[in-house]
Structures are given as structure tokens and as C-alpha cells.
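K.L.:
Shown below is the structure under consideration.
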Amino acid sequence: TALTGLPLKILLDQASSLVHEVLDVDYCGILETQPSYGSTKLISGMGWKPGLVDIAHLSGSDSYSRAIIVGEQPVVVHDFHSQKQFTMPSLFREHAVVSSAGVNIPGQHGPWGALFAATRTKREFTYDDVVFLQLVANTLSSAVMRNDTEQQVRHQALHDTLTGLPNRALLLDRLQQHFARATRTGVDVAALFIDLDDFKPVNDTLGHEAGDELLMAFAERLGTLVRPTDTISRLAGDEFVVVVEEPEGHSVSRAIAERISDGLSEPFRLSNGMVTVSASIGIALASTADNPETLLRNADAAMYQAKRSGSGKCAIFDETLHTLHLQHLQLKQALRGAIDHNQLRVLYQPIVRVNDHSISDVEALLRWEHPDLGLLSPKEFVGLAEDSGLIIPIGRWVIDQACQAASQWHRIQHRKITVHINLSPRQLSDTDLVEHTKSALQRHELPGHHLGFEITESTLSTDTEAAIATLNQLKKLGVHLSIDDFGTGYSSLSYLKQIPMDEVKIDRSFIEKLGTDQHDQAIVTAVVRMTDALGLQVTAEGVENQRQLRQLQDIGCNSAQGFLFAQPTTLEKITTLLEKPSTIPPVEGQRLHLSTDVSPPTPQWDFSAHS
């Protein structure tokens, strides 16, 4: 019967009844070990005083029951009054037991329990009696192991294998119960969607084992930051959800979110170092959703809003956010077809020498000609491309376009123009970046120094060691390397020492007030002198008026780029511009307008956090 699929409790009771009847004893019982074998519990039996089954415990201090549990051989006592080997269990004393025979019930990971028979009068348990007990115990062992396996399978199906927390399936089930209870009681439910802000650098820098270790440590700490009645779940990767009952507004969920944020200020101690992370948290109420799936989507949308506001932030879902999130998803989906539908464009902006206004280099700038929204700038879709991984094929396409343009200018006009391309963090971590760059240079018969990559300081901070290795390989191809937006990140000077850079591009925020702000004047002057001492080129970005240009000339800046000279334009117009004489006179207030025929639209969707 152990293999018929009956519930374990029924099988145990059937076994007790069988032993009681076949051996004709006063008592029989089945013991289950408790944690650490400190005691055993009577979970089935016959003949005992009412109410003892499922309640009575046998202390681990009595040597008789312990000998049965941990021993491999049957234990038989013909007369407890005359033997001195075993201590009688208190349960036996209370029921005036004289004789007993017991056998072990094995489990998957050691002894599970014991099966025994007992009498109030002296009885010589025979060899056949013991063999029968052992056969029943072996049958129960099969049932126990089957039950343990089924429970393990059920647990794995409903729990995250790494952290042991409820997974998405169990979370949705519990949320459904919360929804039903909320309908009866009127108490709302809140879902806190938590995403670790700094998880990817941990994986990239310390390895996936460290990443798993961090997730387990975070799950454990999260359990100390919420209430016992709250549900914690791990959905996937570094995404967690906490479900709480919210009696009024967002007071409870806000308080828990603050507690989680504060709790992350303490570093996590991993095997190979200390790690500090923050979390973006989105909060949504069940009253904003019709079902658990919608509630999670709403909380997810709020989390992305929090992440766009910066690390360690919290946001609460509302209908406006829902609309923006839907638009965000639609734009991401449309981006997937942008390459196939030939919607991507590369525009080019000249970089000119400050002393004579001649064109020295050109920067390639990506645009998306959306069929409904018009020409979109990178800040409106590059972040989406990063999140989805589409930046890799898009970036390779841009590299190919830039190499083709530089090769054309090199062959036809014999101009030694370097075309600069911005590299995102995801591109720099692409293991095939160097090989693809090498292939593109060879395919277009272009010397490496005619191609340039611009990397921001924040890009370098993602995985500095791996980034430096990749940049060194690119440098071996002859590629021109620049630090873009210099001065807006961290550890700028240390990067200049470690990375084979050719150029520094000063961020436009320092150029904007040049000539009117002494601090910006001092910063730009210091950067120019420092880069000159290091033998690096320096370019000022965002030059828009004559005042800025004059200051750059006085300071000794090499090159400038900005609307004072030209807006981004098409390959054909840049090619025309490069024909002799190839200088661009700065015209303040009447910028040289070389834009495409597609007029940039007024942005309808605000994704300004992506740059």
C-alpha cells in the first residue's frame, strides 16, 4: 500500500492498525524524529490514552527510543523491570509497559523515525515478530521517501532554488489569496518591487558565484527588514517582491521601503570582498489592479520610474506612470525592428581646430527615424537598447557605417579624418567588440587610427579591469581612444594613468559658462594644461558662442565641437563640407545648419534619463 499514492498519514495509521492486529499487542506506535534528533513525536499508534497521538513526545534522553532511532539493528526488551541496558521512556511508564520491540524507519538523509510494539505483560518477542516489524518499517520507509521526494518537487516548483524564497508561481497564488481576503475585509495589499541597482558590476567584477552569494545574503537581510506576516519572493535575477497588507494609503509600504533602503547601507561581506549595493523600489496597491499579474506589472513600472530617478530611490505607481510604462514597452518593441526596417540613421558633426577652424575629426551620432515620432535622439532610445541587449547589434552597425564613411573620405579626398563613435557600457563589455572592430577595419581597408571610440567615465567604472583590457586590445588595432564628458564622473586622473587614451573631451557643462564663471574657467584651464603635459589632445564640447571660443583660444585648447560651427548632418553634406577649403567659420546666432531633411519632432515621450 505504500506505493499506491495514498497520503502518508493514512498509510502510517494503516501500518499501526496492522501491527496492532497481527502481533496482538497492547500498544504500537510510529515515532518521527524532530529537528536534531532532540526528541521524537508519536505521530501514529494504537492503544494509547486518548489525545496522545500527534501530541506526545519521547525525550531523546531515554536510551531505548534513541537506540531504535540511531541504531541499525532491531531493539528488543523482554522485561524493562529486570534489564539495566536501556532507560524506559516516560510514555511507557505511564502505560505500564513491560516488553517492547522496535525497528528503525530509514529516511532519505538518515533515520526518519521508528516503529515499535509494546505489551503490559511480559512477552518474548520472537524472531518472526521482529521480521514482521522490519518488513512494515521498510514499507513505511519507501512511503516516507516517496513523500519526501514529492514534497521536495513541490517545494522546488514553488520556491527559488538559490534563496529558498517563494518564486513567481507561489507569489501569484498568495497574492490571489490576498485579493480574495481584501475583497472580504476591505484591507488593501501593496506589492514592493525591488531591483538591486549595482548587481551587474558585482557579477562582472567578482564573478557569478559572488553574485549568487550576494543574492542569498540580500534575501536573508531582507527577511530581517520586513514583518513576519509579509511575503518575500524572488522573481528572477536581482528582482524581489515584498507583499504587505496596507490598511491605509501607502504608509506601511513606504515605511518598509525606507527600512529596506536604510538596511542596505551596511556592506555585505562576501567570500572575496565587501560589497555595498542600493535598491530601486516600486510600490503599487492592489486597488490599482484587477489581478495579481497586473499588480506586479504596476509595481514593476513604478520600480523603473524609481531607477530612472537615480540609485536607491522609491516610486509609487499611478495611472500616469502606467501610461508612460506602456509607451516605454511599445518603444522598446519598436526598436527591435528598427534595424530590419532601415530606420536607424548616422549623422556626423565636425570637430574643428580652435586655431584655424579647420575640420580635424568627425563624430558619428546615432538617430532613430521612428515612423510615428520622427527623428529620435540617443537619449530617447539608447537606454532601451542597453536594457534589451539590442545595443550590441546596433553598435556593430554604427561601427560599420563609421568605417565606411571614413574609408570613403580617405580614398576619395585623401583626408585623414578620424570618425569618433560613442561606446556604451554594454558594448564595452561585449567579448566580440575587438574582433568585430578588426573585421570592420579590414573590410573597409581602413587604418585603425581613422576610427575612434569615446568612453565616458561612468562606462569605465562598471568593470574597470575588463574595460582596460578591452581598450588595450583596441589600442593595438590603432584605434583612437577618448574619454568623453570628462569631469562628470569619478577617478578621472587614475583612468588617465591606466588607460592608453589619446584625447580628453571636456563636458559641455564646463564650457557653458566659460568666460563668465571663474570656477569653470579654472577647471577648463587645469584640464587643458594637464592633458598637454600628458601629451593628450583636448576637445571642448558644446561650444555655442564666440565668447566660449575666445576663451578656449586663450587657454590653448586644441579642438572644439558644437553648434557654433555645425549641427549634426548627413554623410553627403559632411563630404561636401570636407572639400577644399575645409574650414568652418563660426557664426554666432546663425549656426551653420546642416541637418537632415527630417525635422526633429517635439518629444512626445520623456525618457530623458537615458543619454
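K.L.:
I'm checking my understanding of the structure. Among residues of the stretch 515-534 that are among the polar types (S, T, N, Q) and open to solvent by less than 40 Å² (accessible area, probe 1.4 Å), which one is nearest to the chain's Cα centre (by Cα)?
P.N.:
Let us first name the residues in the stretch 515-534 that are among the polar types (S, T, N, Q), namely 516, 518, 521, 525, 531.
Then drop every residue that is not open to solvent by less than 40 Å² (accessible area, probe 1.4 Å), which leaves 525, 531.
Values: THR525: 42, THR531: 38 Å.
Checked the stretch 515-534; the qualifying residue nearest to the chain's Cα centre (by Cα) is THR531.
K.L.:
Which of the residues that make up the stretch 283-304 are over 18 Å from ILE260 (Cα atoms) and under 16 Å from the mean Cα position of the chain (by Cα)?
P.N.:
ALA301 - this is the single residue of the stretch 283-304 that is over 18 Å from ILE260 (Cα atoms) and under 16 Å from the mean Cα position of the chain (by Cα).
K.L.:
Additional query: For ALA182, work out the one condition from (1) at pLDDT 90 or above; (2) closer than 29 Å to GLY223 by Cβ it doesn't fulfil.
P.N.:
(1)
A quick yes/no check of all residues on (1) aromatic (Phe, Trp, Tyr); (2) open to solvent by 40 Å² or more (accessible area, probe 1.4 Å); (3) in contact (Cβ under 8 Å) with a residue 60 or more places away in the chain:
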residue: THR139; (1), (2), (3): no, yes, yes
residue: ARG168; (1), (2), (3): no, yes, yes
residue: PHE179; (1), (2), (3): yes, no, yes
residue: GLY186; (1), (2), (3): no, yes, no
residue: LEU196; (1), (2), (3): no, no, yes
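K.L.:
Then there is this: Of the conditions (1) within 25 Å of the chain's Cα centre (by Cα); (2) open to solvent by 40 Å² or more (accessible area, probe 1.4 Å); (3) of a type outside the set (Asp, Glu), THR163 satisfies every one except a single condition; which number is it?
P.N.:
Result: THR163 passes all but (2).
K.L.:
I've got another one for you. Restricting attention to the stretch 228-242, does a residue exist that is hydrophobic (A, V, I, L, M, F, W, C), open to solvent by less than 40 Å² (accessible area, probe 1.4 Å) and more than 16 Å from HIS159 (Cα to Cα)? Full working, then the answer.
P.N.:
Our first condition is that a residue be hydrophobic (A, V, I, L, M, F, W, C); within the stretch 228-242, this holds for 232, 235-236, 240-242.
Checking which are open to solvent by less than 40 Å² (accessible area, probe 1.4 Å) leaves us with 232, 235, 240-242.
Going one step further and asking which of them are more than 16 Å from HIS159 (Cα to Cα), we end up with none.
Checked the stretch 228-242: no residue is hydrophobic (A, V, I, L, M, F, W, C), open to solvent by less than 40 Å² (accessible area, probe 1.4 Å) and more than 16 Å from HIS159 (Cα to Cα).
K.L.:
Continuing with this model, one more query. Among what's in the stretch 464-479 and is touching a helix residue (DSSP H, G or I) at 6+ places or on another chain (Cβ under 7 Å) and among the hydrophobic types (A, V, I, L, M, F, W, C), pick the residue that is modelled with the lowest pLDDT.
P.N.:
If we take residues in the stretch 464-479 being touching a helix residue (DSSP H, G or I) at 6+ places or on another chain (Cβ under 7 Å) and among the hydrophobic types (A, V, I, L, M, F, W, C), then ALA466 is modelled with the lowest pLDDT.
K.L.:
Ok, one more. Just to be sure I understand, how many residues within the stretch 505-551 are within 21 Å of THR456 (Cα to Cα) and in a helix (DSSP H, G or I)?
P.N.:
Number of matching residues: 15.
K.L.:
Take the residues in the stretch 269-279 that are at negative phi and not hydroxyl-bearing (Ser, Thr, Tyr), then tell me which one is surrounded by the most Cβ atoms within 10 Å (Cβ to Cβ).
P.N.:
Once the filter is applied, the top-ranked residue is ALA279.
K.L.:
Pick out the one residue from GLN567, GLN537, GLN590, GLN604 that is at pLDDT 85 or above and open to solvent by 50 Å² or more (accessible area, probe 1.4 Å).
P.N.:
Residue meeting the stated conditions: GLN537.
K.L.:
Please pick out the residue among GLU512, GLU544, GLU572 that is open to solvent by 10 Å² or more (accessible area, probe 1.4 Å), charged (D, E, K, R), over 18 Å from GLU454 (Cα atoms) and more than 42 Å from the chain's Cα centre (by Cα).
P.N.:
Details: GLU512 fails: more than 42 Å from the chain's Cα centre (by Cα); GLU544 fails: more than 42 Å from the chain's Cα centre (by Cα).
None of the others qualify; the one that does is GLU572.
K.L.:
For the stretch 24-105, please list each of the strands (runs of 3 or more DSSP E) lying entirely inside it that holds at least 2 residues being open to solvent by 20 Å² or more (accessible area, probe 1.4 Å) and out of contact with any helix residue (DSSP H, G or I) (no Cβ under 8 Å at 6 or more places or on another chain).
P.N.:
Here the list reads 39-46.
K.L.:
Considering only the stretch 299-312, state which residues are in contact with an Asp or Glu (Cβ under 9 Å, 6 or more places away or on another chain) and open to solvent by 40 Å² or more (accessible area, probe 1.4 Å).
P.N.:
TYR304, LYS307, SER311
To keep it simple, each residue is scored yes or no on (1) assigned to a helix (DSSP H, G or I); (2) open to solvent by less than 60 Å² (accessible area, probe 1.4 Å); (3) within 21 Å of VAL252 (Cβ to Cβ).
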| position | (1), (2), (3) |
| --- | --- |
| VAL130 | yes, yes, no |
| VAL136 | yes, yes, no |
| GLU150 | yes, no, no |
| ARG154 | yes, no, no |
| LEU172 | yes, yes, no |
| LEU175 | yes, yes, yes |
| VAL202 | yes, yes, no |
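K.L.:
Additional query: May I ask you to say which residue of SER429, SER424, SER482, SER461 is surrounded by fewer than 17 Cβ atoms within 10 Å (Cβ to Cβ), within 27 Å of ASP387 (Cβ to Cβ) and either modelled with pLDDT under 95 or not aliphatic (A, V, I, L, M) (or both)?
P.N.:
Result of the check over SER429, SER424, SER482, SER461: SER461.
K.L.:
Okay, moving on. List the number of the failed condition for CYS557; all other conditions in (1) touching a residue at least 12 places away in the same chain (Cβ under 8 Å); (2) under 41 Å from the mean Cα position of the chain (by Cα) hold.
P.N.:
Unmet condition: (2).
K.L.:
Looking only at the stretch 323-333, how many residues end up being among the polar types (S, T, N, Q) and touching a residue at least 24 places away in the same chain (Cβ under 8 Å)?
P.N.:
Residues meeting the conditions: 1.
The rows are residues; the columns are (1) at pLDDT 85 or above; (2) open to solvent by less than 30 Å² (accessible area, probe 1.4 Å); (3) touching a Cys at 6+ places or on another chain (Cβ under 9 Å).
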{"position": "LEU433", "(1), (2), (3)": "yes, yes, no"}
{"position": "SER439", "(1), (2), (3)": "yes, no, no"}
{"position": "LEU446", "(1), (2), (3)": "yes, yes, yes"}
{"position": "GLU454", "(1), (2), (3)": "yes, yes, no"}
{"position": "SER494", "(1), (2), (3)": "no, no, no"}
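K.L.:
Additional query: Can you tell me which residue among PRO378, PRO371, PRO350 is at pLDDT 90 or above and either over 28 Å from the mean Cα position of the chain (by Cα) or within 28 Å of ASP198 (Cβ to Cβ) (or both)? Walk me through it before giving the result.
P.N.:
Values: PRO378 fails: at pLDDT 90 or above; PRO371 fails: at pLDDT 90 or above.
Answer to the check: PRO350.
K.L.:
Further question: So the check is Cβ under 6 Å with 6+ separation or different chains; which pairs have a first residue in the stretch 280-298 that's in contact (Cβ under 8 Å) with a residue 12 or more places away in the chain and surrounded by fewer than 21 Cβ atoms within 10 Å (Cβ to Cβ) and a second one that's part of a helix (DSSP H, G or I) and not aromatic (Phe, Trp, Tyr)?
P.N.:
Listed pairs, sorted by first residue: THR288/ASN298.
K.L.:
Condition (residue is part of a helix (DSSP H, G or I) and over 28 Å from GLY389 (Cβ atoms)) applied to the stretch 224-244: is it met by at least one residue?
P.N.:
Yes; the residues of the stretch 224-244 include at least one that is part of a helix (DSSP H, G or I) and over 28 Å from GLY389 (Cβ atoms).
The values are calculated or read from the model by the stated rules, or taken from the named source; none is laboratory data. These figures come from a predicted structure and were not determined experimentally. When we count neighbours, we look across all protein chains shown, and the Cβ atoms used for this are built from the backbone with ideal geometry, even at glycine. Just so you know, the surface numbers come from the protein's heavy atoms only, side chains and all, with ligands and any DNA or RNA stripped out. Shrake-Rupley method; radii C 1.70, N 1.55, O 1.52, S 1.80 Å.
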